[in-house]
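The values are calculated or read from the model by the stated rules, or taken from the named source; none is laboratory data. Everything quoted here is computed from the prediction, not taken from an experiment. Every residue, glycine among them, receives a Cβ derived from its backbone with ideal geometry; neighbour counts consider all protein chains shown. Only protein heavy atoms, including side chains, enter the accessible area calculation; ligands, DNA and RNA are left aside. Shrake-Rupley method; radii C 1.70, N 1.55, O 1.52, S 1.80 Å.
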Amino acid sequence: MASMAELWVQGVELDWRTVLDSPDTHDGARHIDLPTYAFQPERYWLDASVPRPSAAEAPHDGFWSVVEREDLEGLAQTLGLDDAHSELKRVLPALSAWHRRQSATASMESLRYRADWKPLSDSNSDRLSGTWLVVVAQDQVDGELNEAVAGALQAHGAKVVAIAAPDDAHEWAGLLAAHSDAAGVLSLLAEDERPLPDVSSVPAGFGRTLTLVQEMEAVGMAAPLWCVTRGAVSTGEADPLTSPAQAMVWGLGRVVAQELPGRWGGLVDLPSAPDADSLSRLCGVLAADAHEDQVVVRPFGVLGRRIVRAPIGDESGGGWTPGSGTVLITGGTGALGGQVARRLASQGAEHLLLVSRRGATAPGAAELEAELTEAGARVTVTACDITDADALRELLAAVPDEYPLTAVIHTAAVLDDGAVTTLTFDQVDRVLRAKAQAAWRLHELTRELELTAFVLFSSLAGTVGMAGQGNYAPANAYLDALAQYRRSQGLKATSVAWGSWAQGGMAELTAVNEVRLRHGVPLLSPESAVSALEAALEHDDTTVVIADIDWDRFTHAYTATRSSHLLDEIPEARSVLEAAGTADPTTPLPDVLARLAPQERDRQLMSTVRTHVAAVLGHESADAVGLRRQFLELGLDSVTAVELRNRLNTATGLRLPTTVVFDHPTVADLVRHLGAELFDGTEGSGTPGAAELDSLENLVAAMSDGDPSRAQIGGRLRSLLRSVSGTAQQETAAVESEELEAASNDEIFEFIEKEFGIS
C-alpha cells in the first residue's frame, strides 16, 4: 500500500477498485468521499516570494541585469550609444564582475555580526543593602580574591555571608534555605577550573555554578545570581583572554537569563588582579538597575557587551585557500562537514581527511568521497572518536608526510538539549567532550605546527543564549574564547557562531531550532554559509557570527520576558525597542483582573493564556489553541514550556515554577491555577460584606454548643448559601458557555461523550 501511495502521488493512475477487491486487502476497505472542510485555510509555509522592486529601483535593476548577462548590444541600447562597442567590450566584463562582487558582499554582510563592548558610566557610588551571599569553592574560602570581594561589598553597605560550595548537591538546600531572604548572591565559583571528579570535560567551577542555579530555583530564592569571572572575555587586542574555561559560565548565564529571567542577575569579568577601584566598580554594577547583565570591569572603566554588525570592509586579511597538504575536518561525513569539504575540493584542496565516529560506514560517506575525488582532491575517510585523547593523537600521527597537516576545521558536535533546571552532568559531559574538550586537544596537539587555518564551528546559542541549551551554549562560548586565546598566543584561529543550517544541519532536528525559526532566525542555505565561511577566512576573522536574523521578530522574542541592552547597537532592533518603550503603558494584568467579576476574570485569564500559548507555538491566532487539549498534544515541550512560563510570569507578576505547564496540562487547568494564585486568600478583604462575615464568624465561635441562637443563625446562613449558590451556578454556566464557544469540534464531541456517555 505504501508503494501504491508513492506511485499515486507521483501522478500514476491506479485502479483502486482492483486494489480494494483483492482478497489480500483488509476486510471492510471502501471508497469514502472527503468532507468538504477537509483542508483548513491556514497557511503555515514561509512565503518565499521576492518583493517586487519599487519604481525608483526598476531602472537600476534593468541596467545591472544587462551587465550581469554581459549583453553588449543591450548595454549599448540602454546607454544610447551607437558606436561604442569596442570600448564597452573592454569594460563590460570588468563591470559585470565588479557588480557580482558587490552584490555578493552586500548579501554576505547582512549575515555577519560580532560581539563588541561599549563604555558605561561608572556607578561605584551606588550603595548595596541587605545580605549578600558570596559563594566560593571549598578550598578557596580564604582566597585573596574572595576576601577582597567580600571587603568591597561590606564597604558599599552590604552584609556579607560567605558560603563554601558543598561537594554533595543535596547539602545546597539547607545552606540556601537558611538565607532565603538574601538580597543577592555573588558566585566566585568560576575560578575553579579543575575538572569535576569523574567528569573530566566539566570544569568544577562551571559545574557547581549550574548546580547553584538549579538549587536556588528549587528552594525558590528571590535573590538574583551574579557570576564573577577573570580572563573569560576579551575587549580587544590589548586585553587578552586568558581563561577559555571560565567562558563556559558566560555561555550558561546567557541561557539562564532566557529561561529564568527572574533568577538571573548577570555576568562580570574582573581583571586578573583587581585593585580597589575595580572592586568598587563591581559593587556599582551590582547596585545599579540598568539591565546591564554582561559587563567587563577593567582598570580604565566598565564596559557592557553589545552585538554589532561586522562589515567585511575593503581590506583583505591576506586571503586563504586550502592549498597543499592535509585539511582535517572533524564531523567530516556530516551535513556541515560535507558541505565544507565540497567547497574546499572546488578550491583545490590537495588532501581532505574526513573524520567521524563511523568513518566510511557513515550514511552517504561513500558518495561524498566519490564526489570529492571527482573534484580533484585526494580523500581519506577515517573513523575516530575525537573525544578519546589517545585516538586523536594517533589520528594526527598518521597524517602522511607527503601531505602535512595545514588546516583544522572542527565541525563535530553532539546535542542533548534540556532546560537548565533539569540538566544533568552526563548531559553536559556528552556535549562538552565532543565540542569543547576535543577543540582543546586539537589546539594542544597542533600548536607547534604552522597551520594556515584553525576553524571552530560555534553557534549563535553561545553568543546570545538560547533557552533549552544550557549545555550547548557554554560549549560554544568556549570555542569563541579558545579562538581568542589562540590569537593571543600568536596562533591562527577563527570561530564562527552559526545560525542553523538548512538541508540536514544537526540543529535542524531540534525543538530549540523550531523556537529559533519562530523567533526570527531562519535557516541558512549551505551555499550562503560556506561562502560566508570563505569570506571569514579570507579576512582572517577571529570570531564572527553568521546568521540570518529577522530583527523585528527576534528582538520581540529576546526581550519578551527580560530587558536587555545587548541589541542596542543594531539599528533595526533599536527601532523595535524604542517603539515598545514609547507605546502607551497598559494596566498590569492583575490590576485589570481585580476590577472584574469572577466570571469575567476567568474569561480574561483564559484569553491571556491562549494568546501566550499561541505565540509560543507560532500560531496566528489564539483560536488555534484548544481549552482542554493537553499542552503536549498542542506541541509544547520542555523548552517551549519554559518560554510559556516566563511569558506568564511577566504578564501576571507571579513566580511560577518551571513545571507549571506539566502540573496543569491544559489551558482550562492552567487558568484555574493562575486564578487561585492571584486571588485566593487575598480577595476577601476587599469584598463587600467581608467585615460583617468576619464579625459573624467571631460571634459564632464565642457561642456555646447548646446556645439556641446557633441553630437560628445556621438556618439563615443555609438560606443565604442557597441564594449565593444560584448566582454562582449562573456565573459558572457563563464561563462554561464561553469555553464551549471557543472549543474545537473534537473538544465538543469529547465533552458530550464524557458527560452523557454518547460515543
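Looking only at segment 414-432, decide whether some residue is in contact (Cβ under 8 Å) with a residue 12 or more places away in the chain, in contact with a Ser or Thr (Cβ under 8 Å, 6 or more places away or on another chain), hydrophobic (A, V, I, L, M, F, W, C) and outside any helix (DSSP H, G or I).
yes
Scan segment 556-573 and report the pairs whose first residue is under 15 Å from Thr463 (Cβ atoms) and whose second residue is charged (D, E, K, R) and part of a helix (DSSP H, G or I), with Cβ atoms within less than 8 Å and a gap of 6+ or a chain change.
Cβ pairs passing all conditions: Leu567/Arg574.
For segment 139-175: of the residues being open to solvent by 20 Å² or more (accessible area, probe 1.4 Å) and polar (S, T, N, Q), which is farthest from Arg127 (Cα to Cα)?
The extreme case among them is Gln140.
Output the residues belonging to segment 482-503 that are among the hydroxyl-bearing types (Ser, Thr, Tyr) and in a loop (DSSP other than H, G, I, E, B). I'd like the intermediate steps shown before the answer.
Taking segment 482-503 as the starting set, the residues that turn out to be among the hydroxyl-bearing types (Ser, Thr, Tyr) are 485, 488, 494-495, 500.
If the condition is that a residue be among the hydroxyl-bearing types (Ser, Thr, Tyr) and in a loop (DSSP other than H, G, I, E, B), then Ser500 is the only one that fits.
Can you list residue pairs whose Cβ atoms sit under 6 Å apart, with the first residue in segment 701-712 being of a type outside the set (A, V, I, L, M) and the second being open to solvent by less than 70 Å² (accessible area, probe 1.4 Å)? Count only pairs 6 or more apart in sequence or on different chains.
Correct list of pairs: Arg710/Met703.
Look at segment 396-412 and say how many of its residues are out of contact with any Gly (no Cβ under 8 Å at 6 or more places or on another chain), over 14 Å from Leu352 (Cα atoms) and surrounded by 14 or more Cβ atoms within 10 Å (Cβ to Cβ).
0
Just one of (1) part of a loop (DSSP other than H, G, I, E, B); (2) buried (at least 21 other Cβ atoms within 10 Å of the Cβ); (3) among the β-branched types (Val, Ile, Thr) trips up Thr242, so point out which.
That leaves (2) as the condition not met.
For segment 191-236, which positions are more than 23 Å from the chain's Cα centre (by Cα) and within 16 Å of Ser180 (Cα to Cα)?
Answer for segment 191-236, where residues must be more than 23 Å from the chain's Cα centre (by Cα) and within 16 Å of Ser180 (Cα to Cα): Val219, Gly220, Met221, Ala222, Ala223.
The conditions are (1) at pLDDT below 85; (2) surrounded by 13 or more Cβ atoms within 10 Å (Cβ to Cβ); (3) closer than 27 Å to His556 by Cβ, and Ile713 fails exactly one of them. Which is it?
The failed condition is (3).
Of Val160, Val135, which residue is touching a Phe, Trp or Tyr at 6+ places or on another chain (Cβ under 9 Å) and at pLDDT 95 or above? I'd like the intermediate steps shown before the answer.
Numbers: Val135 fails: touching a Phe, Trp or Tyr at 6+ places or on another chain (Cβ under 9 Å).
Unique residue meeting the criteria: Val160.
Output yes when any residue across segment 547-565 is in a helix (DSSP H, G or I), open to solvent by 40 Å² or more (accessible area, probe 1.4 Å) and within 20 Å of Glu109 (Cβ to Cβ), and no when none is.
Yes, some residue in segment 547-565 is in a helix (DSSP H, G or I), open to solvent by 40 Å² or more (accessible area, probe 1.4 Å) and within 20 Å of Glu109 (Cβ to Cβ).
Kindly check whether there is at least one residue in segment 499-507 that is modelled with pLDDT of 95 or more and either surrounded by 24 or more Cβ atoms within 10 Å (Cβ to Cβ) or touching a helix residue (DSSP H, G or I) at 6+ places or on another chain (Cβ under 8 Å) (or both). Steps first, please.
Filtering segment 499-507 for residues modelled with pLDDT of 95 or more gives none.
No: segment 499-507 contains no residue that is modelled with pLDDT of 95 or more and either surrounded by 24 or more Cβ atoms within 10 Å (Cβ to Cβ) or touching a helix residue (DSSP H, G or I) at 6+ places or on another chain (Cβ under 8 Å) (or both).
Which residue is nearest to Val213 (Cα to Cα), if the candidates are limited to segment 610-642 and must be open to solvent by less than 30 Å² (accessible area, probe 1.4 Å) and of a type outside the set (A, V, I, L, M)?
Thr640
The rows are residues; the columns are (1) open to solvent by 40 Å² or more (accessible area, probe 1.4 Å); (2) aliphatic (A, V, I, L, M).
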site: Gly334; (1), (2): no, no
site: Val340; (1), (2): no, yes
site: Leu344; (1), (2): no, yes
site: Gly359; (1), (2): no, no
site: Val381; (1), (2): no, yes
site: Ala389; (1), (2): no, yes
site: Glu394; (1), (2): yes, no
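Can you tell me how many residues within segment 435-481 are assigned to a helix (DSSP H, G or I) and of a type outside the set (Val, Ile, Thr)?
24
Scan segment 526-546 for residues that are assigned to a helix (DSSP H, G or I) and either open to solvent by 30 Å² or more (accessible area, probe 1.4 Å) or closer than 26 Å to His619 by Cβ (or both) and report the count.
Looking only at segment 526-546, we keep the residues that are assigned to a helix (DSSP H, G or I), and these are 526-538.
Imposing the further condition that a residue be either open to solvent by 30 Å² or more (accessible area, probe 1.4 Å) or closer than 26 Å to His619 by Cβ (or both) reduces the set to 527-528, 531, 534, 538.
Within segment 526-546, residues that are assigned to a helix (DSSP H, G or I) and either open to solvent by 30 Å² or more (accessible area, probe 1.4 Å) or closer than 26 Å to His619 by Cβ (or both) number 5.
Has segment 423-431 got any residue that is among the hydroxyl-bearing types (Ser, Thr, Tyr), closer than 30 Å to Arg263 by Cα and surrounded by fewer than 17 Cβ atoms within 10 Å (Cβ to Cβ)? Walk me through how you get there before you give the answer.
Taking segment 423-431 and keeping what is among the hydroxyl-bearing types (Ser, Thr, Tyr), we get 424.
Pick out the ones that are also closer than 30 Å to Arg263 by Cα and you get 424.
Okay, now just the ones that are also surrounded by fewer than 17 Cβ atoms within 10 Å (Cβ to Cβ), so 424.
Within segment 423-431, one or more residues are among the hydroxyl-bearing types (Ser, Thr, Tyr), closer than 30 Å to Arg263 by Cα and surrounded by fewer than 17 Cβ atoms within 10 Å (Cβ to Cβ).
Among the helices (runs of 4 or more DSSP H) lying completely within segment 582-674, list those that include at least 3 residues that are touching a residue at least 60 places away in the same chain (Cβ under 8 Å) and out of contact with any Cys (no Cβ under 9 Å at 6 or more places or on another chain). Before you say what the answer is, go through the steps one by one.
Numbers: elements: 589-594, 598-617, 631-634, 638-652, 660-663.
Of the helices (runs of 4 or more DSSP H) lying wholly inside segment 582-674, those with at least 3 residues that are touching a residue at least 60 places away in the same chain (Cβ under 8 Å) and out of contact with any Cys (no Cβ under 9 Å at 6 or more places or on another chain) span 589-594, 598-617, 638-652.
Can you name every residue in segment 346-357 that is assigned to a loop (DSSP other than H, G, I, E, B), open to solvent by 20 Å² or more (accessible area, probe 1.4 Å) and of a type outside the set (Lys, Arg)? Working first, answer last.
Within segment 346-357, the subset assigned to a loop (DSSP other than H, G, I, E, B) is 347-350, 357.
Filter once more, so that each one left must be open to solvent by 20 Å² or more (accessible area, probe 1.4 Å): 347-348, 350, 357.
Of everything in segment 346-357, those that are assigned to a loop (DSSP other than H, G, I, E, B), open to solvent by 20 Å² or more (accessible area, probe 1.4 Å) and of a type outside the set (Lys, Arg) turn out to be Gln347, Gly348, Glu350.
Hey, Glu217 hits all of (1) open to solvent by 30 Å² or more (accessible area, probe 1.4 Å); (2) over 20 Å from Gly462 (Cβ atoms); (3) of a type outside the set (Gly, Ala, Ser); (4) in a loop (DSSP other than H, G, I, E, B) but one; which does it fall short on?
Of everything listed in (1) open to solvent by 30 Å² or more (accessible area, probe 1.4 Å); (2) over 20 Å from Gly462 (Cβ atoms); (3) of a type outside the set (Gly, Ala, Ser); (4) in a loop (DSSP other than H, G, I, E, B), Glu217 misses just condition (4).
Name the one entry in Thr682, Thr658, Thr650 that is at pLDDT below 85 and either within 21 Å of Val219 (Cα to Cα) or surrounded by 19 or more Cβ atoms within 10 Å (Cβ to Cβ) (or both). Quick ask: steps written out before the conclusion?
On the way: Thr682 fails: either within 21 Å of Val219 (Cα to Cα) or surrounded by 19 or more Cβ atoms within 10 Å (Cβ to Cβ) (or both); Thr650 fails: at pLDDT below 85.
Of the residues listed, the single one that is at pLDDT below 85 and either within 21 Å of Val219 (Cα to Cα) or surrounded by 19 or more Cβ atoms within 10 Å (Cβ to Cβ) (or both) is Thr658.
Considering only residues of segment 460-498 that are closer than 19 Å to Asp548 by Cα and polar (S, T, N, Q), which is surrounded by the fewest Cβ atoms within 10 Å (Cβ to Cβ)?
If we take residues in segment 460-498 being closer than 19 Å to Asp548 by Cα and polar (S, T, N, Q), then Thr463 is surrounded by the fewest Cβ atoms within 10 Å (Cβ to Cβ).
Being out of contact with any helix residue (DSSP H, G or I) (no Cβ under 9 Å at 6 or more places or on another chain), part of a helix (DSSP H, G or I), acidic (Asp, Glu) and open to solvent by 20 Å² or more (accessible area, probe 1.4 Å) narrows it down to one of Glu367, Glu371, so name that one. If you could, list the steps in order and put the result at the bottom.
Working: Glu371 fails: out of contact with any helix residue (DSSP H, G or I) (no Cβ under 9 Å at 6 or more places or on another chain).
Testing whether each residue is out of contact with any helix residue (DSSP H, G or I) (no Cβ under 9 Å at 6 or more places or on another chain), part of a helix (DSSP H, G or I), acidic (Asp, Glu) and open to solvent by 20 Å² or more (accessible area, probe 1.4 Å) leaves just Glu367.
Which condition number in (1) open to solvent by 30 Å² or more (accessible area, probe 1.4 Å); (2) within 21 Å of Gly462 (Cβ to Cβ); (3) more than 17 Å from the chain's Cα centre (by Cα) is the one that Leu267 fails?
(1)
Kindly evaluate Thr209 against the criterion of being among the hydroxyl-bearing types (Ser, Thr, Tyr), at pLDDT 95 or above and farther than 16 Å from Pro271 by Cα.
Details: among the hydroxyl-bearing types (Ser, Thr, Tyr): yes; at pLDDT 95 or above: yes; farther than 16 Å from Pro271 by Cα: yes.
Judged against the criteria, Thr209 is a match.
Quick one: is Ala436 closer than 16 Å to Glu259 by Cα, in contact with a helix residue (DSSP H, G or I) (Cβ under 6 Å, 6 or more places away or on another chain) and either surrounded by fewer than 23 Cβ atoms within 10 Å (Cβ to Cβ) or aliphatic (A, V, I, L, M) (or both)? Even if it seems obvious, please write down each step before you answer.
Details: closer than 16 Å to Glu259 by Cα: no; in contact with a helix residue (DSSP H, G or I) (Cβ under 6 Å, 6 or more places away or on another chain): yes; either surrounded by fewer than 23 Cβ atoms within 10 Å (Cβ to Cβ) or aliphatic (A, V, I, L, M) (or both): yes.
So Ala436 fails the test.
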